[in-house]
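Reading through the structure tokens given below for one structure.
The values are calculated or read from the model by the stated rules, or taken from the named source; none is laboratory data. Small disclaimer: the values here were computed from a predicted structure and weren't measured. Cβ: placed from backbone, ideal geometry, glycine included. Neighbour counts: every protein chain shown. All accessible areas refer to the heavy atoms of the entire protein, side chains included, with ligands and DNA or RNA removed. Shrake-Rupley method; radii C 1.70, N 1.55, O 1.52, S 1.80 Å.
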Amino acid sequence: EKEKIVAAITDSPKPPPERITLTLPVLNAARMVVFVATGESKAAVLKRILEADEENPLPAARVQPRSGQLRWFLDESAAKELTIPVEKHSVL
């Protein structure tokens, strides 16, 4: 979707199957976009999103704010396959 602000999803393969989502034009116009991912089950897909150079990338890889910031918050399990530099912080 390149024109709408929100899109209705009626057949998502992941729960919930029906939802409303912000579109890429809105996310890429934001001042700040934050993704949070946890768990080992996210490691492979995060590697694809953050490191792969795919011809048809996953939607999250297309989020690139034009004049804003993009931040990823990952736990160690989710980040375990990444080879790019990762800033680590400890949580008390």
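Scanning segment 2-60 for residues that are in contact (Cβ under 8 Å) with a residue 12 or more places away in the chain, open to solvent by 100 Å² or more (accessible area, probe 1.4 Å) and among the basic types (Lys, Arg) yields a total of 4.
Name the residues in segment 33-56 that are among the polar types (S, T, N, Q) and more than 20 Å from residue 3 (Cα to Cα), would you? Matches in segment 33-56: 38, 41. Scoring residue 66 on the criteria (1) closer than 17 Å to residue 34 by Cα; (2) open to solvent by less than 80 Å² (accessible area, probe 1.4 Å) leaves a single failure, condition (2). Inside segment 15-52, residues that are farther than 18 Å from residue 68 by Cβ and over 15 Å from the mean Cα position of the chain (by Cα) make up a count of 7. Scanning segment 12-27 for residues that are among the polar types (S, T, N, Q) and not in a strand (DSSP E or B), we see that the one that is modelled with the lowest pLDDT is 12. Across segment 69-92, the number of residues qualifying as open to solvent by less than 100 Å² (accessible area, probe 1.4 Å) and more than 22 Å from residue 24 (Cβ to Cβ) comes to 8. Answer yes or no as to whether residue 30 is under 17 Å from residue 2 (Cβ atoms) and in a helix (DSSP H, G or I). So residue 30 does not fit the description; no.
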